[in-house]
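> So that we are looking at the same thing, I have put the structure below in structure tokens.
The values are calculated or read from the model by the stated rules, or taken from the named source; none is laboratory data. Quick caveat, the model's predicted, so the values are computed rather than measured. Methodologically, a virtual Cβ is constructed for each residue, glycine included, from the backbone with ideal geometry; neighbour enumeration extends over all protein chains shown. The accessibility values were calculated without ligands, DNA or RNA, using every heavy atom of the protein model including side chains. Shrake-Rupley method; radii C 1.70, N 1.55, O 1.52, S 1.80 Å.
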Amino acid sequence: MNTKILKKFFKLIVLILIIMSFKGFSFSNEKELLCPQTIIMPEVTDILNPQRPELIEADTTQCRTVGLFWISSYDSDSILKTYRIYSNGELFAETQGTPEFFYRNRNREYRATGLDCNTTYTFGVSAVDIYENESPIAEFDPVTTPPSNATNCLDTTPPSVPTGLSIEPDNLEYCCRSIALFSDDNSTDSSSGLRGYHLYRDGVKIHQSETIDGDWITPIGVIPGATYSFYLTAVDNAGNESMPSASVSYTIPFCNMHLGEIKTAVFAVNLPNTPETSLTVSDIEARIFGKEFEPGTELHEEPVPTVPSLKGYVKEVSYNKIDVKNAGVYGWITLPGTKSDYCSEINSAGYCTQCNYSKVHIDATQLAAELHDFNPSEDIDRYIFIIRGQVQNMAGVKALYLNSAGLTTMIHEFGHTFGLNHAADWQGRDFEEPAGARRSFPPDYRDPAFSAYSVYAYGDPYNRMGSSGRFHFSVFQKELMGVIEQGQIGHVTKDGYYILDQVEFSSNGIKELRIPIMENGSTIKAPFLSAEYRTGAGYNGPLSNSDKTFQGIQLRLAVDRFYGARSDTIYIAELTEDDPVFNDWYRDMQFTLIEMNGESAEIRICGVNKFFEEPFPGDSYPGDSDTDDPFPGDSYPGESDTDESFPDESYPKDTSSK
């Protein structure tokens, strides 16, 4: 063949390959995307009926309408599908019931409309699971609808529109990811009378109240940079709802980020009439600040701290970007007066169960200035109070109030000062799931009433904001702290193979994948799945046999705090070498661990394309394994034969979520 023709043919082949690569294809790995067409749930035998619903009341305030209220049922063998409403023994409707308000959504509501006036009805409600097993019917007491000439039946005019809605950050209790909503309680209704107000966020009702009483405190989303819109409506006793108020919007800021040194002052405090303890100030100082790292020394290389400490944990989990700096340890300080001066409630053992932390703070720091060398005018970033004689633990924006110097407790509460919420898990997963179903979360994640599980705020087994242990915070939470760069978070927009760097050690690669689970394909607001790669390491090196060991990819559901028990995430599933596949039956998605080597792991994600009109919107995702061999066979980074003790203390009562 002519040489010129061969050259032209070769150039044409190269041009075709280049064009195909821009369309999202790559042949360097020659890896075929083997996504199943449909995720089919295996058959399972469930012959048990759900629990009978517990009734609250039947309300006849509105004309031709009966409001039915009950407490959510549950199903021990599968998942609830619906409720059936019965009227005088006949099926009237099927409904999931409207939650009374979302973040305390055990109470359900259904309004039976179109009824006859001045007529007696006997309503009942039953629960039905996904296998059509039906609970016994719970019957309400008979009720009679109002006559046609009742005020509520003649009133067709809605109340006046609420005014004065405004919004401010609520920094005192929940740091910067909560807000306070203020409004004038000024709506009027001249006929049937004002019944209350409904609060909407992004067009969805999230709360209802009889009065506004000046302000509503509301936890909002978990994603810094996301913007939410709020408005109010007024509702009268006839069920008429006003037009919406003027809406107000709020963009969630990043929380209490504080890179570099955090000057931390510690106060060991005895409440009045509290027995002395053998715990010394030196013990407390060692537990909080440990042994200083030698300059220029990296973590996981000799020398390591001889005492596990809050300082050491924060420094490691932040990749050396945050340093808890010792600004003094003062104590023991015995507060003056009586215990009742600081406690509104004292239990039978003489311990304070409701503590006035503000008074403790003021009196302890004043005594530290008088008796020790504390300078109250010094700019302190964090205050830690170890309070003998009280039960609860509390964390605010700048202060921790603890009942002991337990290290795991201090780490947890210190995390709250960065605006981190709890790391939750599904609780109550005792029923027999189909093989491979593992931890499927409900079709409507926001409504635990239609799940086999409830949310347990401290339940994440691999996160210090959850259960005890020495695991790192999740990458999702590290990003909230400000120690993860935006370029290390990948937003998945198509099915494919993806690479994750490990969580525990500093690196420049992708540390979190955010995967859409809703039709709009958004990972800007919750919900979405967060995927990260964990190795067999925790604080201070490889985990010992006394800790839960884990190596693989973890999936967490990033949740809105209205729906997540005031938690950042809910632990969903793990992908390991022995069990590498997780199927999300309800969203027709599949996640598969392909390979891992201690530095990075490869995951195949299927089922994302349906969320986007264009299956390949743009260039390939950074970290996509189609273009690289991510497993060069290097040794595990930071591996050490030494292991520092880390007491797995029991976690005391935490009130920071209240």
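> Looking at the range 352-383, which of the residues that are in contact with a Lys or Arg (Cβ under 9 Å, 6 or more places away or on another chain) and open to solvent by 40 Å² or more (accessible area, probe 1.4 Å) is farthest from Ala395 (Cα to Cα)?
Among those that are in contact with a Lys or Arg (Cβ under 9 Å, 6 or more places away or on another chain) and open to solvent by 40 Å² or more (accessible area, probe 1.4 Å), it is Glu378.
> Can you tell me how many residues within the range 360-387 are of a type in the set (D, E, K, R) and within 31 Å of the chain's Cα centre (by Cα)?
2
> Taking Ile386 and the conditions (1) free of Cβ contacts under 8 Å to residues at least 12 places away in the same chain; (2) open to solvent by less than 60 Å² (accessible area, probe 1.4 Å), which numbered condition does it fall short on, given that it satisfies the others?
(1)
> Give the residue, chosen from Glu285, Glu261, that is within 31 Å of the chain's Cα centre (by Cα), at pLDDT 90 or above and not in a loop (DSSP other than H, G, I, E, B).
Glu261
> One residue is enough: does the range 169-189 have a residue meeting the conditions open to solvent by 20 Å² or more (accessible area, probe 1.4 Å), in contact with a helix residue (DSSP H, G or I) (Cβ under 7 Å, 6 or more places away or on another chain) and at pLDDT below 80?
Checked the range 169-189: at least one residue is open to solvent by 20 Å² or more (accessible area, probe 1.4 Å), in contact with a helix residue (DSSP H, G or I) (Cβ under 7 Å, 6 or more places away or on another chain) and at pLDDT below 80.
> Can you pull out every residue in the range 480-501 that is more than 14 Å from the chain's Cα centre (by Cα) and either closer than 23 Å to Gly536 by Cβ or open to solvent by less than 10 Å² (accessible area, probe 1.4 Å) (or both)?
Scanning the range 480-501 gives Met481, Val483, Ile484, Gln488, Gly490, Val492, Gly496, Tyr498, Ile499, Leu500, Asp501.
> While we're looking at this one, here's another question. Which of the following residues is open to solvent by 60 Å² or more (accessible area, probe 1.4 Å), polar (S, T, N, Q) and either farther than 27 Å from Leu371 by Cβ or without any contact (Cβ under 8 Å) to a residue 24 or more places away in the chain (or both): Asn320, Asn347?
Of Asn320, Asn347, the one residue that is open to solvent by 60 Å² or more (accessible area, probe 1.4 Å), polar (S, T, N, Q) and either farther than 27 Å from Leu371 by Cβ or without any contact (Cβ under 8 Å) to a residue 24 or more places away in the chain (or both) is Asn320.
> For the range 573-587, indicate whether the set of residues that are surrounded by fewer than 20 Cβ atoms within 10 Å (Cβ to Cβ) and at pLDDT below 85 is non-empty.
yes
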